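Peer 1: I'd like to ask you about the structure that follows.
The values are calculated or read from the model by the stated rules, or taken from the named source; none is laboratory data. Note that this is a predicted model, so its numbers are computed, not measured. Don't worry about glycine lacking a Cβ; one is built from the backbone with ideal geometry, like all the others, and counts go over all protein chains shown. Just the protein is used for accessible areas: all its heavy atoms, side chains included, with ligands, DNA and RNA removed. Shrake-Rupley method; radii C 1.70, N 1.55, O 1.52, S 1.80 Å.
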Amino acid sequence: MKTEFTDVSETQKTLTIEIPSDVVDAEIDKVARDYSRQARIPGFRPGKVPATVVKQRFREQILHDVSHTLIPKAVEEALQERGIEPIDAPNIKEVALREGQPLKFTAAIETVPAFDPGDLATVSLQRRPTVVTEDAIAQALEGLRTRAAKSEPVEGRPVADADTVVLDIERKDGEGESDKHENVSLELGAPVNPPGFDGHLIGMQPGEQKTFTVHFPADYAVKEMADTDVTYSVTLKEIRKRVVPELDDEFAKDLGEFDSLAALRDRVREDLQAEANEASERQVRTDLLKQLSERISFELPTSMVERETERRLEEFVRQLMQQNVDPRQAGIDWAQFREAQREPARAAVASALVLDEIARREGITVPSEDVDKEIERFALRAGRTPAALRAQLEKEGGLSRLVTGLRREKAVDLALSRATMRGEIPA
């Protein structure tokens, strides 16, 4: 077998391979014999069809089978001989196959060149301060009060600012088309309300009817409504007021777990401290991965960057669908979104390559017990049995990806343990 190796770049290689004609013809004869045993051709008994007839009748199928047998073996042999590990299946091109002739083809290969992740002690990291301030506690408590607010009916006065009103609304546009909606709940001051709409409601009493026109300015966010006039006929049915509870011991007890406001405040402080610690650890991890990714000096394999870009795109689409948002109706420029993901994808691929090399260099392995625990964790979250989830992962090839992820996490832990930690970033 003749092999010509071409370095296109640090990550792209080309193999030009020629398999001798005697090897090709032997394989053609072997495949033809297999076809002969199964062929059903008029005028010949089963299993007695001459090879020449079989080769003529099934020429394309035989050559297809021959190429799919010889090419992978030849590529694997050539790669092993040169110690090359491709990151994806080689792209086979320019296949020339005829009986009595050598089989010639080229294989385009992407690979990761050997590189040294360097001394992990030279990674310099710094944690952000995790002090929880009294202002942060006060804001959190205020948020609890706001979420605990109740809507109560208002009697004996007209509509005022910040009220919530219940309306029957008839809406008529400039072309005379109208639509009606009953029992619409609307909070005065909400940013989604039409411009100037709230002002027409101030002072109305329950049972009162009113008709008014709202002009939407030329720069209105909803383009279809920009520079138009809409006439509204409203009937006020009810006024409600949002009542926020007092921040006291009774409020704390109403939450169900605390006997006093002081106990609630302590829990809020603990929760904020835990969140701050987690955020600090995430920031340190992010800084670590950024510094590791910068240790890649070669051009990243295109296929790996494309796969990571697609993964990010699919993950975002999945998040939209979980929020009951149709990705096709989300008003997103998907080409622009995809392009915006390329740099983050490159950074993710680069850091993953460094972590893989650290794991290889340090001999990091993933015990089966760790894999079992991770499957159990995912199964619990998904409401499935670990056995069923494992079976699905094995069927879809996801088990190896899970192991790779765990091995990278161990590499992150190792890198963090060896990195140089400086003092906290000044607040």
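Peer 1: Per DSSP H run of at least 4 residues, take -39500 (n - 2.57); add these up for the chain, divide by its residues and hand me the 222 nm value, nearest 500 deg cm²/dmol.
Peer 2: -15500 deg cm²/dmol
Peer 1: Using the Cα centre of the chain as origin and beta-carbon charges of +1 (Lys, Arg) and -1 (Asp, Glu), tell me which of A387, V123, V75 is placed farthest towards the positive end of the dipole.
Peer 2: V75
Peer 1: How high is the relative contact order of the stretch 69-128, in percent, counting Cα pairs under 8 Å that sit 6 or more residues apart?
Peer 2: The value is 28 percent.
Peer 1: Now for a different question. Can you give me the distance in nm between label points at Q80 and A149, each placed 7 Å from the Cα along the Cα-to-Cβ direction?
Peer 2: Label-label distance for Q80 and A149, simple model: 7.2 nm.
Peer 1: Which order do E306, E281, E374 take by accessible area at a 1.4 Å probe, largest first?
Peer 2: I get E281, E306, E374, largest accessible area first.
Peer 1: Ok, one more. With +1 on each Lys and Arg Cβ and -1 on each Asp and Glu Cβ, and nothing else charged, work out how big the dipole of the stretch 81-154 is about its Cα centre, in Debye to the nearest 20.
Peer 2: For the stretch 81-154, the charge dipole is close to 260 debye.
Peer 1: For the stretch 25-174, give the magnitude of the charge dipole about the Cα centre (Cβ charges: +1 Lys/Arg, -1 Asp/Glu; no others), in debye to the nearest 20.
Peer 2: Magnitude of the dipole: close to 1420 debye.
Peer 1: Could I have the simple spin-label model distance between A190 and Q38, label points 7 Å from Cα toward Cβ, reported in nm to one decimal?
Peer 2: The modelled label-to-label distance comes out at 6.7 nm.
Peer 1: Any idea which of P86, I375, Q336 is furthest toward the positive side of the dipole for the chain, if Lys and Arg beta-carbons carry +1 and Asp and Glu beta-carbons -1?
Peer 2: With unit charges placed on the Cβ atoms, the residue in question is P86.
Peer 1: Also, quick follow-up: Computed FRET efficiency, Cβ-Cβ of T420 and Q329, R0 51 Å: what is it to the nearest 0.05?
Peer 2: For R0 = 51 Å, the calculated efficiency reads 0.55.
Peer 1: Length gain on complete extension for the stretch A379 to E94, per 0.36 nm per residue less the alpha carbon to alpha carbon distance?
Peer 2: 97.9 nm
Peer 1: Now for a separate question. For the stretch 180-230, list log₁₀ I(q)/I(0) at each q in 0.14, 0.26, 0.32 Å⁻¹, using the Debye formula over Cα point scatterers of equal strength and ignoring solvent, two decimals each.
Peer 2: Taken in order of the listed q values, log10 I(q)/I(0) reads -0.42, -1.21, -1.34.
Peer 1: Computed over the Cα atoms of the stretch 341-427, what is the ratio Rg over Rh, Rh following Kirkwood?
Peer 2: My calculation puts Rg/Rh at 1.08.
Peer 1: Taking only the alpha carbons of the stretch 88-166, what extent do you get along each of the three principal axes, in Å, biggest first?
Peer 2: For the stretch 88-166, the Cα spread along each principal axis is 102, 48, 17 Å.
Peer 1: Can you sort I358, I202 by solvent-accessible area, 1.4 Å probe, largest first?
Peer 2: So the residues, ranked largest to smallest area, are I202, I358.
Peer 1: Measure out, as a whole number of angstrom, how far apart the alpha-carbon centroids of the stretch 58-106 and the stretch 223-263 sit.
Peer 2: 70
Peer 1: If you average over every viewing direction, what projected area does the convex hull of the Cα atoms of the stretch 159-296 give, in nm²?
Peer 2: 15.4
Peer 1: While we're on this one: Within the set K150/K237; K13/K104; K2/K395; K13/K55; K172/K241; K290/K395, which residue pairs have Cα atoms separated by over 27 Å?
Peer 2: Exceeds cut-off: K2/K395; K13/K55; K172/K241; K290/K395.
Peer 1: Would you list the P(r) distribution for the stretch 262-323, with all Cα-Cα distances sorted into 10 Å bins from 0 and each bin expressed as a whole %?
Peer 2: Result, from short to long distances: 17, 21, 32, 20, 8, 2 percent.
Peer 1: A follow-up question, please. Using only the heavy atoms of the protein chains and a 1.4 Å probe, how would Y35, Y232 rank by accessible area, largest first?
Peer 2: Reading off the accessible areas and sorting them downward yields Y35, Y232.
Peer 1: Distance in nm between label sites at R269 and V244, each 7 Å beyond Cα in the beta-carbon direction?
Peer 2: Each label point lies 7 Å from its Cα, and together they span 2.3 nm.
Peer 1: Follow-up question, since we're still on this one. Taking only Cα atoms of the stretch 1-160, what ratio of Rg to Rh do you get with Rh as the Kirkwood inverse-distance radius?
Peer 2: Dividing the radius of gyration by the Kirkwood radius yields 1.54.
Peer 1: In addition: Give me the net charge of R312's neighbourhood, meaning all other residues with Cβ under 14 Å from the Cβ of R312; Lys, Arg count +1, Asp, Glu -1.
Peer 2: Summing Lys and Arg as +1 and Asp and Glu as -1 gives -1.
Peer 1: What FRET efficiency comes out for D219 versus D370 if R0 is 51 angstrom and r is the Cβ-Cβ distance? Round to the nearest 0.05.
Peer 2: 0.35
Peer 1: Follow-up question, since we're still on this one. Restricting to the chain, compute how many DSSP beta bridges are antiparallel as a %, nearest 5.
Peer 2: For the chain, the DSSP antiparallel bridge percentage is about 95.
Peer 1: Express the relative contact order of the stretch 10-142 as a whole percentage, based on alpha carbon pairs under 8 Å and six or more residues apart in sequence.
Peer 2: 35
Peer 1: Size of the dipole of the chain about the Cα centre, Lys and Arg at +1 and Asp and Glu at -1 on the beta carbon, nothing else charged, in debye to 20?
Peer 2: It comes to approximately 2220 debye.
Peer 1: May I have the extent of the alpha carbons of the stretch 212-359 along their three principal axes, as whole Å values ordered from largest to smallest?
Peer 2: Extents along the principal axes: 68, 55, 25 Å.
Peer 1: Over every pair of different alpha-carbon atoms in the chain, take the mean of 1/r and invert it; report that Kirkwood radius in Å.
Peer 2: Result for the chain, one decimal place: 30.0 Å.
Peer 1: From the residues M304, L288, A274, which one has its Cα farthest along the dipole of the stretch 270-328 in the positive direction, the dipole being from +1 and -1 charges on Cβ of Lys/Arg and Asp/Glu about the Cα centre?
Peer 2: Among M304, L288, A274, the one farthest towards the positive end of the dipole of the stretch 270-328 is M304.
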